[in-house]
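Reviewing the structure listed below.
The values are calculated or read from the model by the stated rules, or taken from the named source; none is laboratory data. Computed from a predicted structure; not experimentally measured. Cβ placement follows ideal geometry from the backbone for every residue including glycine, while neighbour counts extend to all protein chains displayed.
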Amino acid sequence: MPQSLAMVGGVSVATGPMSDPTARFDALVLSNILTFTTATVVGQLGIVSKQWLAVTSDEMIWKEFCDRDFHVTTKSAPAESSHTAALMQDTHHFKATWIRWHSWGKSLGLQTVNGPLYARVRDMWAKIEEWTSVHKPSIHTSLSHGATGDDFRAVESKLGIKLPDVYKLIWSVHNGQSLQFDEEVDATQRMPRDLTHQIFDGLLGGYSFYDILVCTRLYPLQRTLSHTLRRTLDTQRSQGPVSRIVIAASYDFCKPFFLDINDGMGVVMGPEYRWACVPPGPCGLLRWMEEFASRLTTGVYTLGSLIGDDPKCAGVNLFPQAGPLASTCITNGIEAKASAIFCPESEHSMFTYSIRLGVSSPGDFPYDSAQLQSRHWKITDGTGHTEEVQGQGVVGKFPVLHRGGYRDDAIRGYQDDVPSRGQEKEGVFVYQSCTGRLPEVPPNSGSFQGTLQFVPGTLDTPVGHLF
């Protein structure tokens, strides 16, 4: 019986009784040849005949396609349910693996499917989930289920943009945070008093000094859409299509985070300031969030009160507590720990700093107590200009440190010049302030240093010399 030719994916394939490929080619040789085609071509060849189906089902072919197309080398792929987007499922065969990755990427509208990149996203979220479940469960429960392809397409359609792949990967695991406080604010434009505790549930953390309080939440897609339309669409229309979307902001929007959908750069931006915080590039946002997750798990960021020492205001405290971003000095068993944060959202773009004081080495503390007497700061900006600040106590406070805690002595009235006895408190004394106005210099320049003087015992009953 004569043979006939069929065109499959641009390849001429003989059909008929003599078309068995194994009759003319070694199976291994044929499999190697097919790896130079595409998965689509091989899939089409598989429907020509039973013989072609057997050849095109060779694991070696599909393993090569998985590695080449998705950089995947294991027989696993994303779970089908968006509620378990961070989970991977065994597929048992590389052909099934390729099909799952392909359909998953297509469903999310990804321009490129990258298995290792998605693995980094899952690892980043796993660290955040573990930390929040232990230290701040209210943040953990606020993390929404992953966004779907339909969710992404709805936002893209309404904004007339294409969302970056890395953004889709991150939000496909958790679609930001769902907080009733934020929903009430969006609906009423007022802050609900009965939900003020959720102010401190921002995943991306916060800090405070004087009358400024920042606590940043990660936006779900719907909030990104509404806030991008409300805050940026009108101003950006005059400059062309939308180029930035709002992906996070403090509870009162005093510190919004924007993602540039073209170059991947993240910026904190307001009417009078703009500061790049996420490096440009297709993976800049993921690198930034990986660093954030790492700082949580290594103790650089900790759970702490964002306002003074009030335990009701506990959240992810962004004042570094470990590593090179924190400075620690121990004298006579008293530990002073200092760290700083650049605040572009403040009126004059300044640094806020935190100083924590406590007895960290009880065995090396030779007194029953020691009270803070004075401070002396040296603040040098990027131009080399140095400003010195000297005074009694800190912001009117004169803590009396002892083993296990401190007494919160302070000057209570404007006309008082002697601190009055305060309450006994556990933990460490926390003092937060700011540097004042800075010149127009790079925010990572300059330095802050100084000394604190303590008197053994108390100011009114000293038992030794100043140290």
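Does Tyr367 satisfy being over 37 Å from the mean Cα position of the chain (by Cα) and on the phi < 0 side of the Ramachandran plot? For Tyr367, the condition - over 37 Å from the mean Cα position of the chain (by Cα) and on the phi < 0 side of the Ramachandran plot - is met. When Gly264, Gly240 are screened for being modelled with pLDDT under 95, farther than 28 Å from Arg190 by Cα and loosely packed, with under 14 Cβ neighbours inside 10 Å, only Gly240 passes. Among the residues of the stretch 288-300, are any part of a strand (DSSP E or B) and in contact (Cβ under 8 Å) with a residue 40 or more places away in the chain? Within the stretch 288-300 (the criterion being part of a strand (DSSP E or B) and in contact (Cβ under 8 Å) with a residue 40 or more places away in the chain), the answer is no, since none of the residues qualifies. Residues of the stretch 134-164 being hydrophobic (A, V, I, L, M, F, W, C), surrounded by 14 or more Cβ atoms within 10 Å (Cβ to Cβ) and either within 21 Å of Met124 (Cα to Cα) or touching a Ser or Thr at 6+ places or on another chain (Cβ under 9 Å) (or both), which ones? Once the filter is applied, which keeps residues that are hydrophobic (A, V, I, L, M, F, W, C), surrounded by 14 or more Cβ atoms within 10 Å (Cβ to Cβ) and either within 21 Å of Met124 (Cα to Cα) or touching a Ser or Thr at 6+ places or on another chain (Cβ under 9 Å) (or both), the stretch 134-164 yields Ile139, Leu143, Ala147, Phe152, Val155, Leu159, Ile161, Leu163.
Conditions tested, residue by residue: (1) aromatic (Phe, Trp, Tyr); (2) buried (at least 17 other Cβ atoms within 10 Å of the Cβ); (3) at pLDDT below 90.
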| position | (1), (2), (3) |
| --- | --- |
| Thr37 | no, yes, yes |
| Val42 | no, yes, yes |
| Lys50 | no, no, yes |
| Val55 | no, yes, yes |
| Trp62 | yes, yes, no |
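Taking the conditions exactly as written (acidic (Asp, Glu), under 30 Å from Leu303 (Cα atoms) and in a helix (DSSP H, G or I)), does Asp123 satisfy them or not? Spelling it out, Asp123 is indeed acidic (Asp, Glu), under 30 Å from Leu303 (Cα atoms) and in a helix (DSSP H, G or I).
When Ser360 is tested against (1) small (Gly, Ala, Ser); (2) under 34 Å from the mean Cα position of the chain (by Cα); (3) buried (at least 18 other Cβ atoms within 10 Å of the Cβ), only condition (3) is not met. I'm trying to understand the selection: among the residues of the stretch 260-297, which are farther than 20 Å from Thr224 by Cβ and polar (S, T, N, Q)? Hits for the stretch 260-297 are Ser294, Thr297.
Filtered by the rule that a residue be touching a Gly at 6+ places or on another chain (Cβ under 8 Å) and of a type in the set (A, V, I, L, M), the stretch 447-467 gives Val455, Val463. So, of the residues in the stretch 297-329 that are hydrophobic (A, V, I, L, M, F, W, C) and touching a helix residue (DSSP H, G or I) at 6+ places or on another chain (Cβ under 8 Å), which turns out to be surrounded by the most Cβ atoms within 10 Å (Cβ to Cβ)? Here the residue is Val316.
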